[in-house]
Amino acid sequence: MHDGTLPEDTFRYYLIQDHHYLTAFAALHEAIAEHLPADQAQVLLALNEGSGEDTIRDKMHAELGITATDFATTPVAPTAYAYISHMYYQLNEVNPQAAVAGLLPCYWLYAQIGAHLAKLTSPKSTKPSLTPMLATTSPRQLTKCST
């Protein structure tokens, strides 16, 4: 993705899977928050708000011609399904704290990716849709969430 060699079809598929995952991720924040004390719920919900990722991804979806039909007709990939199912299992079968712990690897991973990409030179991609995607992996706010 960083050097501009990622095929557009692969990136489109990734964005569709990312949409499936982020939709479930947001719903999980809401579901978990219902089981937490109000102050903890507020912190959890704040983690999922205000990043601007939805706006950036909506622009990328439009730029690449990804439609609501594409989201509806592309099944969730096995890996995303397994992770989403695992987080719901933690909430429904273990406890809300375990479910929160299931969310943290995502924040940690994005922080690590962002830190790595920040050390590299500017993206070489001529595809404008890749640049905003790289910008969403900025480590500053994500590091605070994962530590």
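Read-outs: derived from the displayed coordinates by stated rules, not from any lab. Just so it is clear, the model here is predicted, and its values are computed rather than measured. Cβ sites come from the backbone with ideal geometry, for glycine too, and all protein chains shown count toward neighbours.
Observations on the model:
- Compared with the direct C-alpha span, the chain from residue 42 to residue 82 gains 11.7 nm at full extension, assuming 0.36 nm per residue.
- Gyration tensor verdict on the stretch 1-116 (Cα atoms; rounded if a/c is under 1.5, prolate if a/b is larger than b/c, oblate otherwise): prolate
- Residue 49-residue 35 pseudo-label distance in nm [points 7 Å out on the Cα-to-Cβ vector]: 2.2
- Vicinal HN-Hα couplings computed from phi for the stretch 93-105 (Karplus, 6.51 cos²θ - 1.76 cosθ + 1.60; Hz; Gly/Pro x): 10, 10, 5, x, 5, 5, 5, 4, 4, x, 7, 4, x
- Nitroxide proxy distance, nm - points 7 Å out along Cα→Cβ at residue 116 and residue 56: 1.7
- Burial order of peptide ranges 80-87, 17-24 (average beta-carbon count within 10 Å, highest first): 17-24, 80-87
- Theoretical FRET efficiency, 1/(1+(r/R0)^6), r = Cβ-Cβ of residue 63 and residue 108, R0 25 Å, to 0.05: 0.30
- Charged neighbours of residue 42, selected by a Cβ distance under 14 Å, balance to -4 (K, R count +1; D, E count -1).
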